[in-house]
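First the structure, in the form of structure tokens, and then the observations on it.
The values are calculated or read from the model by the stated rules, or taken from the named source; none is laboratory data. What you see is a predicted model, and the numbers here were worked out from it, not measured in a lab. Neighbour counts run over all protein chains shown; Cβ positions are idealised from the backbone, glycine included. Protein only, heavy atoms only, side chains kept; ligands, DNA and RNA dropped before computing areas. Shrake-Rupley method; radii C 1.70, N 1.55, O 1.52, S 1.80 Å.
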Amino acid sequence: MLYFNCLILFFQFVIASDCAICLTSINDEYLMDAWGNKFHKYHLDNGTFCNSCSRIISESITNGGFKYNDGRFLCSLCQSTIIEFQKQIDKSYDSVLKQLYNVGFTNIPKNITINLVNLNLLKEFSGDLAHSELKGFTKIDKNSSNNKFAIYILFGLPEIEFNAVLAHELLHVWLHLNNSKISINYKEGFCNLGSYLIYLNDNSKFSKIHLKAMERNPDPIYGYGYIQVKSMLDKLGWEELLNNLHKFN
């Protein structure tokens, strides 16, 4: 399961220029989104931000945007690369598997069903684990003798974010197939390393914002757990980390 909120706001107390939302002059305190776009402080309550890139959605910055039926907002810039067709899913699946393989994840199946669903269905599938920031969930049929998996990912995600969510979910599959005894306190943090790898390899502004959000996530499992395993990765490298997962219990 993967979730995080990458919206990063910076409070400023100096004179700015024009508001990115209403285009009028800013002469008082203002806020700034993760991309450096400034806006009047009072727009925080009525402005909309892209659920994927955290940009202010406005005609001047993003050429507008979209609102999905499940309540999410997506800017036009992110909409241009959304994953919505099976051919796109297959391409992303292949790309993510190769990136994971290159760092040591060698036995992840190539035939897992990947389903695009809205937020409401995703919450339904995830049951007690559901929350508003959920973006992916992996269903494992533990009663099956041949390890049946199904991955559910939010529809309408831009390609890089989709790949990052998919990488996270595929590491849940890897942990199960390798009978990992990693503690629940570190499992989600470990799987976040899949997202980390995708964003690191992409190295775009979009990805750097997501990496920063992952580092600042206050959640004790998704945030602190990720920081702990990421620290071990930095110290040991991928091969030694995978050989020492038993220490995370």
Quick check: is even one residue across the stretch 165-172 more than 22 Å from PRO218 (Cβ to Cβ), surrounded by fewer than 17 Cβ atoms within 10 Å (Cβ to Cβ) and touching a strand residue (DSSP E or B) at 6+ places or on another chain (Cβ under 6 Å)? no
All-but-one check, THR138 against (1) under 18 Å from ASN178 (Cβ atoms); (2) at pLDDT below 95; (3) open to solvent by 30 Å² or more (accessible area, probe 1.4 Å), failing number (3)
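Take LEU100 and tell me if it is touching a Gly at 6+ places or on another chain (Cβ under 7 Å) and at pLDDT 95 or above.
Values: touching a Gly at 6+ places or on another chain (Cβ under 7 Å): yes; at pLDDT 95 or above: yes.
Criteria met by LEU100.
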Restricting attention to the stretch 207-249, the residues that are of a type in the set (A, V, I, L, M, F, W, C) and more than 26 Å from ASP33 (Cα to Cα) number exactly 9
Residue pairs qualifying under the 8 Å Cβ cut-off, at least six apart or on distinct chains, with the first in the stretch 216-239 being of a type in the set (A, V, I, L, M) and the second being surrounded by fewer than 19 Cβ atoms within 10 Å (Cβ to Cβ) and not in a helix (DSSP H, G or I), are MET232/ASN244; LEU236/ASN244
